[in-house]
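Got a structure for you, written out below as structure tokens; questions coming shortly.
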Amino acid sequence: MLCSLLLALTLPAQAVELGVGLSGELESNDPFLSYAAPGLRLMAAPLPWVEVSLHGAVLPDRGDADLSAMGREVVQDLGVVPDLARIRQRGELTLALMPSAGSMGRWERRVGGYLGGGVVHTLDDLDALGLADDPVFLATEDQWHVSTVYGLSGELRRDALGLGVRLERHHYTEVVGTTTLETRNTRWVAVEGSWRFRTSSR
């Protein structure tokens with residue numbers, strides 16, 4: 001992918017496609033928490049098959065509404081509180097390659113994959129764990145983590161408008177109780193509407 005980006009930067013000057021996307025996103029593999037978040041993505045495509053994106057999402061604190069069905073059963077019925085490290089914000093910078101393209105009537109189809117890095121902001125629910133006054137856990141209650149991001153994307157476009165789906169995975173390491181390291185692997189599903197325009201060639 002780095003070679004593709006370098007190639008895009010060294011080719012003769014041409015019009016660059018810019019865009020913005022708004023998405024609804026769901027985290028799909030946490031057994032105890034169920035996240036829903038709005039997302040914003042800024043895009044630049046120096047070539048039709050290469051796209052650089054900057055994405056961010058803010059996850060509102062919904063309290064017990066963040067619990068999944070299993071999470072509610074464990075907490076309310078069994079009286080057991082799992083490790084609840086709630087994701088509050090995340091952002092990524094990614095490079096996408098879209099080698100598969102075609103037309104469906106007046107719609108243009110794009111399919112590809114992407115890879116990049118980002119940050120994830122988590123906040124431990126120490127009140128639920130009964131550790132709100134524990135200095136060991138308070139030291140790592142609020143954290144920012146460096147993450148690795150990769151995924152697949154598909155989009156249908158008609159003129160400047162597009163509708164797409166992204167399947168995405170995030171890997172990062174969290175510190176629990178100051179000394180314990182836990183690797184997190186989250187999966188996200190996003191549905192996105194986008195608008196694009198082309199700049200004038202230099």
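Condition test on S194, is it modelled with pLDDT under 80, more than 27 Å from L33 (Cα to Cα) and more than 12 Å from the chain's Cα centre (by Cα)?
no
Follow-up. Looking at (1) at pLDDT 80 or above; (2) outside any strand (DSSP E or B), which one does P82 not meet, given that it meets all the others?
Only one criterion is unmet by P82, namely (1).
Restricting attention to the stretch 17-43, and to residues there that are of a type in the set (A, V, I, L, M, F, W, C) and buried (at least 16 other Cβ atoms within 10 Å of the Cβ), which single residue is farthest from T186 (Cα to Cα)?
Applying the filter and picking the extreme gives M43.
Still on this model: Within the stretch 108-140, how many residues are more than 22 Å from the chain's Cα centre (by Cα) and at pLDDT below 85?
Of the residues in that region, 15 qualify.
Among (1) surrounded by 15 or more Cβ atoms within 10 Å (Cβ to Cβ); (2) within 19 Å of V20 (Cβ to Cβ); (3) not aliphatic (A, V, I, L, M), which single condition is F137 missing?
Here F137 clears every test but (2).
Pick from the stretch 56-74 the residues that are of a type in the set (D, E, K, R) and surrounded by fewer than 15 Cβ atoms within 10 Å (Cβ to Cβ): which of them is farthest from A190 (Cα to Cα)?
Among residues in the stretch 56-74 that are of a type in the set (D, E, K, R) and surrounded by fewer than 15 Cβ atoms within 10 Å (Cβ to Cβ), the one farthest from A190 (Cα to Cα) is E73.
Being modelled with pLDDT under 95, assigned to a loop (DSSP other than H, G, I, E, B) and within 17 Å of the chain's Cα centre (by Cα), is that true of even one residue in the stretch 31-49?
Taking every residue of the stretch 31-49 in turn, at least one turns out to be modelled with pLDDT under 95, assigned to a loop (DSSP other than H, G, I, E, B) and within 17 Å of the chain's Cα centre (by Cα).
Residues that are part of a strand (DSSP E or B), exposed (fewer than 15 other Cβ atoms within 10 Å of the Cβ) and among the hydroxyl-bearing types (S, T, Y): does the stretch 156-173 have at least one?
Yes, there is a match, as at least one residue in the stretch 156-173 is part of a strand (DSSP E or B), exposed (fewer than 15 other Cβ atoms within 10 Å of the Cβ) and among the hydroxyl-bearing types (S, T, Y).
The values are calculated or read from the model by the stated rules, or taken from the named source; none is laboratory data. This one's a predicted model, so the numbers in the text were calculated from it and none came from an experiment. As a convention, Cβ positions derive from the backbone with ideal geometry for all residues, glycine included, and neighbour counts pool all protein chains shown.
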